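Right, one structure below, let's go through it.
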Amino acid sequence: MATLAAPLVELRQVRKSFGDNLVLAGIDLEIERGAAIVIAGPSGSGKSTLLRCINGLEPIDSGEVRFEGQPIDYSGKAVTRLRAEIGMVFQQFNLFPHMTARQNIVLGPVKGKGMRRRDADNRARDLLELVGIPEKENEFPADLSGGQQQRVAIARALAMDPKLMLFDEPTSALDPEMIREVLDVMRDLARGGMTMVVVTHEMGFAREVCDRIVFIDAGEIVEQGPPDEFFRAARSPRAREFVDKIIRH
């Protein structure tokens, strides 16, 4: 009998506090290969901390995070190797201002993976084409719009050939007219089979693209399910309240 593929990421009773503030209160979550998952919830509910625990930016207090079946080791060299497998895109673009778009993308594969410069340059050009701005390869971040900078940041993360992409509110720092261009790139990645976990308030994107919405409140997963089911008939009072606010907004 065929067996189901193991999840790419598993969280088991993950707890994380900052001082006396309990931010993650026993999270259990599985992220399947090829899935696009949106993490939703009010501000301060633990969404961004959850992403940071998955890629090792924040060590957990207790519980376990497994990547490809192996527990994450939060020590120096091990977590560096982990981050080569997990791309992360933040609210702020974090591009090096003294480097062109192409140079920002090339840096990781050359320094982190030992890729030849010529190959990394070719890969960077392909990725700039993928995110829709091939003509910007020699531009510096200061000469790019916010949406273009975020697309360079996505290309930079993809240059490491990650097995998982994490997006932490990638459009929240953008003007409204720039949000669409970034979401279009993310939509294409999801349709291409990239495993993605996205913290976002863009519920239209969640409805259209994601396989599952995970609703978090006060550090706990309150409810999760397919987007149609979540928006039409959320089961928990807290999730229904959240959906009602979105609809009214």
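The values are calculated or read from the model by the stated rules, or taken from the named source; none is laboratory data. All figures in this text were calculated on a predicted structure; none of them were measured in a lab. No Cβ is skipped: glycine too gets one built from the backbone with ideal geometry, and neighbour counts run over all protein chains shown. Surface areas here come from the heavy atoms of the whole protein model, side chains and all, with no ligands, DNA or RNA. Shrake-Rupley method; radii C 1.70, N 1.55, O 1.52, S 1.80 Å.
A few notes on this one:
- Placing R0 at 41 angstrom, the Cβ-Cβ distance between E30 and V110 gives a FRET efficiency of 0.75 after rounding to 0.05.
- Förster radius 22 Å - calculated FRET efficiency between A218 and Y74 (Cβ-Cβ, nearest 0.05): 0.35
- Each of the peptides 7-14, 20-27 was scored by the mean count of other Cβ atoms within 10 Å over its residues; in descending order, highest first, they stand as 7-14, 20-27.
- Rg(Cα)/(2.2 N^0.38 Å) for segment 3-45, N = residue count: 1.43
- Normalised by the number of residues in segment 177-249, the mean separation of alpha-carbon contacts (under 8 Å, six or more apart) gives a relative contact order of 18 percent.
- Most fluctuating residue given options I213, I72, I37, as computed from a GNM of the chain linking Cα atoms under 10 Å: I72
- Probe 1.4 Å - accessible area at D121, Å² to nearest ten: 30 Å²
- The Cα atoms of segment 187-241 define a convex hull whose projected area, averaged across directions, is 3.9 nm².
- With contacts taken as Cα pairs under 8 Å at a separation of at least 6 residues, segment 92-249 carries a relative contact order of 17 percent.
- Cα-derived Rg to Rh of segment 49-93, Kirkwood definition: 0.95
- Phi to ³J(HN,Hα) by Karplus 6.51 cos²θ - 1.76 cosθ + 1.60 over segment 192-199, Hz, x for Gly, Pro: x, x, 5, 6, 9, 10, 10, 8
- Only Cα pairs under 8 Å and 6+ residues apart enter the sum, and on that basis the relative contact order of segment 60-146 stands at 26 percent.
- FRET efficiency for the pair S62 and E208, taken as 1/(1 + (r/R0)^6) with r the Cβ-Cβ distance and R0 = 35 Å, rounds to 0.45.
- Cα principal axis extents for the chain, largest first, Å: 53, 48, 42
- Note, ³J(HN,Hα) from phi for segment 89-100, Karplus 6.51, -1.76, 1.60, rounded to Hz, x at Gly and Pro: 10, 9, 4, 8, 7, 6, 7, 6, x, 8, 10, 5
- Segment 1-109, Cα convex hull volume normalised per residue, Å³: 162 Å³
- Between 0 and 90°, nearest 10: helix 176-191 axis offset from the chain longest Cα axis: 80 degrees
- Two-decimal ratio, segment 106-249, of alpha-carbon radius of gyration to 2.2 N^0.38 Å: 1.21
- Normalised per residue, the volume of the convex hull around the Cα set of segment 52-166 (Å³): 107 Å³
- Among the lysines of the chain, pairs at least eight places apart or on separate chains and with Cα atoms under 20 Å apart come to 7.
- Taking every DSSP beta bridge that has both ends in the chain, the antiparallel portion is near 55%.
- Low-density loop positions, trypsin sites (Lys or Arg not before Pro), segment 145-238 - DSSP coil, at most 14 other Cβ in 10 Å: R235
- Simple spin-label estimate for H98 and A142 gives 1.3 nm between the two label positions (7 Å along the Cα-to-Cβ direction from each Cα).
- Inter-part distance where segment 133-158 and segment 67-93 are each reduced to a Cα centre, Å: 23 Å
- For I221, residues with placed amide H under 5 Å, excluding near neighbours: D28
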